[in-house]
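Every number in this text was worked out from the coordinates using simple rules, so none of it is lab data. These figures come from a predicted structure and were not determined experimentally. Here Cβ is always computed from backbone atoms with ideal geometry, including for glycine, and neighbour counts include all displayed protein chains.
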Amino acid sequence: MPKLAKSKRREAGRNVPLVSSDINVKTAWLYYVEGLTQEQIAEKLNVSRVKVMRTLAACTAEGVVVTTINAQTARQVALERALEKRFRLDSAVVVPTPEDAGHLEKAIGHAVALYLGEHMQDGMTLAIGGGATLHASLAYLGRRQLHNASVIGLVGALPHSQWINPSIVAAKVADLFGVDSYQITAPVMLHDPALRDLLWAQPELMDVRTRAANADIALLTVGEISREATIFRHGLVPPSLLPSLRAKGAEANVLSYFIDAQGRLVDHEVNDRVMAIGLDVVGMIPNVVLAAGGRHKIAATRAALNAFETNVLITDSETAEALSAGG
């Protein structure tokens, strides 16, 4: 699956401002460590030069900058910069890896909520997937009223409405923002591949796909190829397909599509039965945000980064270290 160059995608969109787990420390890092000018930093952050000057002055006054960057988040910012350079990201947001692995989805979900709270604005369309990480973000997303905005679900639904139902995330985010949501009103996994073409020919679903293609932000997560992955653990795809998927080179699943290490759709019949917006369509959205973490997802995260140009990666420090080191 060829990537679309960022410059071409941005002809119809806007440049994505640099973000961080600690934007003040990142500002100081760019100035004192990487030697960027205040004008260059202001352009990256999409703020005024005066704002940059005030941030640098505050960092000095508060002891964040002495002769070195002196803050607990400095290591996270170093990892963010390493990821941004290695994978040509607009931004990376790195959160500390919690001691209890069971809290990882909440930690990344909190960062996702902060990102959405800052970047989702009036008049914008958010296209969003599902999964445990994005569902965890709902607990931290504040309620507010947006105008002329909308949320599009990128994945079909499940007949049994549990948290794993991909359409639930889109509906709840839309409710928190007080906006309309648009859903793929069909099962996420069909039994007959021929039915998929018939469903996409329906005007209502064609409208959903068009709205997704015109979204401002795409928010995705990624799953690994194992029995512990949400898609297999909860039966969206039968675990019995794992051997044949691995034989075809499957390394990850994104929006229920299975991809190899290079980010290409694997030649497996299950991909012909997925009712979700295509990865090629998602890759053309101007701001693609990938939220994923955990050592068990390192290979899957790298595959997703190869599948389409990602603007923002939200992850944890251990995963960031492994990815930036090529592990």
Sort Val289, Val188 so that the residue with the fewest other Cβ atoms within 10 Å of its own Cβ comes first and the one with the most comes last. Val188, Val289
I want to check the label-to-label distance for His234 and Ala261. Put each point 7 Å from Cα in the C-beta direction and report it in nm to one decimal. 3.0 nm
Charge dipole of the range 77-187 about the Cα centre (unit charges at C-beta), most positive-ward option of Val173, Thr125, Ala78: Ala78
If we count other beta carbons within 10 Å of each Cβ, what is the order of Val95, Val112, fewest first? Val95, Val112
Along each of the three principal axes of the Cα atoms of the range 12-71, give the extent in whole Å, ordering the values from largest to smallest. 42, 22, 18
Taking the convex hull of Cα positions in the range 174-283, its mean projected area over all directions (nm²): 7.6 nm²
If contacts are Cα pairs under 8 angstrom and at least 6 residues apart, what is the relative contact order of the chain in percent? 20 percent
In a shell of Cβ-Cβ distance under 13 Å around Ala111, excluding Ala111 itself, what net charge do Lys and Arg (+1) and Asp and Glu (-1) give? -4
Separation in nanometres of the label points that stand 7 Å from Cα toward Cβ, at Asp192 and Glu34: 5.4 nm
Rh (Kirkwood; distinct C-alpha pairs) - the range 165-219, Å: 12.5 Å
Local electrostatic count, Lys26, Cβ distance below 11 Å [Lys/Arg +1, Asp/Glu -1]: -2
So for Asp100, Asp316, fewest C-beta neighbours within 10 Å to most, what's the order? Asp100, Asp316
Per-residue ellipticity at 222 nm attributable to helices in the chain (runs of n ≥ 4 DSSP H, -39500 (n - 2.57) apiece, nearest 500 deg cm²/dmol) works out to -11000 deg cm²/dmol
Relative contact order of the range 12-71, please, whole-number percent, based on alpha carbon pairs below 8 angstrom and at least 6 residues apart. 34 percent
For the range 274-325, I need the span (max minus min coordinate) of the C-alpha atoms along each principal axis, in Å, sorted largest to smallest. 31, 24, 14
The Cα radius of gyration of the chain, divided by 2.2 N^0.38 Å with N its residue count, comes to 1.00
Determine one quarter of the surface area of the Cα convex hull of the range 55-179, which equals its mean projected area, and express it in nm² to one decimal. 10.4 nm²
